[in-house]
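Every read-out reported here was derived from the displayed coordinates using simple, explicitly stated rules and does not represent laboratory data. This one's a predicted model, so the numbers in the text were calculated from it and none came from an experiment. Please note: Cβ atoms are built from the backbone with ideal geometry, for glycine as well, and neighbour counts cover all protein chains shown.
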Amino acid sequence: MDGLVVRTPYAAISEVTNSTHFNIAVEISTFNQPIATGSKLHLFDSSGNVSSLTVGSATWLNDTGGKGNYSIVTSTALPSGAGVGTALICSSLSPTSTTIHNSSFTNIAGSAVMAMSGDLTIDGITASHVMYPAVHIGDNVGSGGCSRNVVVRDSIFDSCSWRPKLETNFPGVITMANVHATHTAARNHNVTIHNNTFRNHLFDSAFPAINVSDTKTVALTDNVFENTHRGILIDTATVTGLTATGSDVIIDNTNNTQTYAELVGTFLDSSLNGYNGTKSRYSASPGAKARWTFVAPRTGTYAVHIYKVVNSGSDTNAKITVTHNGGSSVSYQNYTTGGSDWVSLGNFSFTEGATYTITNERSAGYLRADAVLFQQL
Ligand SMILES: [Ca+2]
């Protein structure tokens, strides 16, 4: 069962008398719910573009076969190409806006939020151990609907989405996709995913944190991906108007045997805290070597950092190697001086979807391994 389903009913033109007089069938029974004079009909063409008509008058006819039927007269004509079967939304039958604010979704065998509606804001939610895509923006099989003007911001997604969306095998913590067979023209419009943290999403290397298809105008800004295989995956064939900036990728060794590896030597848990109070590891083995694996969410330049856990007796000359589009760059870090903190390794360029590594190789003293950070510039 899903946590919350926010859904706008779709309609379709069922009969055309002339260009300003036609019937529509709403996909659910409406029980004579009025469609207000002056309200808008938002029509979707075959490319998913939206045009709007103003209702001059609307008369409920009946509910048949689970659908509400209306006779509509508009003041302006149907756009060219519109006819029987054209999908639309009646603003009069929809809420003007919906906000889901400061809510928690935990241990859900479904999605936390199914968004099939317009003007929806998801703000400050926490989702943990949600089995399917924690937020699905788009429609569902058998329940037409797509989303316009959706914002997901300031939210935390932890250990979610270890199963793809059931009907589509579509993975991701936040997914945008339309899968309904009837209203294939309708697509998501104007979606913003801002300042969210995605944590512990390592269930399958093919699973992205944000998986985008079927959407026009998408902004993915200032999101943090911590222990995720891949932050962002874009279906370029069905996505237009994409902005993706300010992504931070953190690869930590805590509960991570997939993008963190201890290649050489025997490592043990340390009593010294790592990044954000997490566990750090150490090794005194000759040639000890740890590796972090990075998949770039978008092509571009990133500021690269390693978290240095400082202690006397640690490696005074740890060999840190970063692979990037220009080859590999080596620097040496003294883990006995300064305070424990992020240390800059430089700015490097990376290609979306490609895999890179950082390694730390022991010279003398204890090798200390914790986390690395890539900040999209
Ligand atoms: Ca750690």
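Which entries of 165/289; 165/319; 40/67; 216/308; 165/308 show an alpha-carbon separation above 31 angstrom in the structure shown? Before the final figure, lay out each step's value.
On the way: 165/289 38 Å; 165/319 43 Å; 40/67 20 Å; 216/308 42 Å; 165/308 39 Å.
Over 31 Å apart, Cα to Cα: 165/289; 165/319; 216/308; 165/308.
Among 361, 226, 262, 167, rank each residue by its count of other Cβ atoms within 10 Å, from fewest to most, as a rough exposure measure.
Details: 361 21, 226 24, 262 18, 167 12.
Going from sparsest to densest Cβ surroundings: 167, 262, 361, 226.
Using a 10 Å cut-off around each Cβ, can you sort 114, 1, 131, 176 from fewest to most neighbouring Cβ atoms? Could you put the intermediate results ahead of the total?
Details: 114 25, 1 7, 131 16, 176 30.
Least crowded to most crowded, the residues run 1, 131, 114, 176.
Return the sequence-ordered ³J(HN,Hα) values of segment 367-374 in whole Hz as given by the Karplus equation 6.51 cos²θ - 1.76 cosθ + 1.60 applied to θ = phi - 60°, using x for Gly and Pro.
Values per residue, Gly and Pro as x: 6, 10, 10, 9, 9, 10, 9, 10 Hz.
Please state, rounded to one decimal and in Å, the Kirkwood hydrodynamic radius that the chain gives when every pair of distinct Cα atoms enters the mean of 1/r. Write out the running numbers ahead of the final one.
Numbers: mean 1/r = 0.0439 Å⁻¹.
One decimal place: 22.8 Å for the Kirkwood radius.
Taking 8 Å as the Cα distance limit and 6 or more residues as the minimum spacing, I'd like the relative contact order of segment 251-376 as a percentage. The partial results should precede the final answer.
Numbers: 344 pairs, mean separation 43.8, N = 126.
Relative contact order here is 35 percent.
Only bridges whose two residues both fall in segment 56-161 count here: according to DSSP, what percent of them are antiparallel, nearest 5? Mind dumping the intermediate values first?
Numbers: 8 of 27 bridges.
Approximately 30 percent, going by the DSSP bridge assignments.
Under the Karplus relation 6.51 cos²θ - 1.76 cosθ + 1.60, θ = phi - 60°, what is the ordered set of whole-Hz ³J(HN,Hα) values for segment 309-316, x standing for Gly and Pro?
Going residue by residue, I get 8, 8, 6, 5, x, 7, 5, 8 Hz, with x marking Gly and Pro.
Would you mind working out the magnitude of the charge dipole of segment 186-333 relative to its Cα centre, with +1 at each Lys and Arg C-beta and -1 at each Asp and Glu C-beta, to the nearest 20 Debye?
Working: 11 positive and 10 negative charges, 34 e Å.
It comes to approximately 160 debye.
In whole Å, what are the extents of segment 251-376 along the principal axes defined by its C-alpha atoms, from largest to smallest?
39, 26, 26
Using θ = phi - 60° and the Karplus form 6.51 cos²θ - 1.76 cosθ + 1.60, what ³J(HN,Hα) does each residue of segment 334-349 get, whole Hz, x for Gly and Pro?
9, 8, 10, 10, x, x, 5, 5, 5, 10, 6, 10, x, 9, 9, 9
Quick check: net charge around residue 362, other residues with Cβ under 11 Å of its Cβ, Lys/Arg +1 and Asp/Glu -1?
My count for the surroundings of residue 362 gives +1.
With +1 assigned to the C-beta of every Lys and Arg and -1 to the C-beta of every Asp and Glu, and no other charges, what is the dipole magnitude of the chain about the Cα centre in debye, to the nearest 20? Walk me through the numbers before you get to the answer.
Details: 20 positive and 25 negative charges, 90 e Å.
Here the size comes out at about 440 debye.
Can you tell which of 149, 17, 356 lies farthest toward the positive end of the dipole of the chain, using +1 and -1 charges on the Cβ of basic and acidic side chains (Lys, Arg; Asp, Glu)?
356
Determine, for 324, 229, the number of other Cβ atoms within 10 Å of each Cβ, and report the residues in order from fewest to most.
Details: 324 23, 229 19.
The fewest-first ordering by Cβ neighbours comes to 229, 324.
When DSSP beta bridges are limited to those with both residues in the chain, what percentage is antiparallel, rounded to the nearest 5?
Among the beta bridges of the chain, antiparallel pairing accounts for roughly 55 percent.
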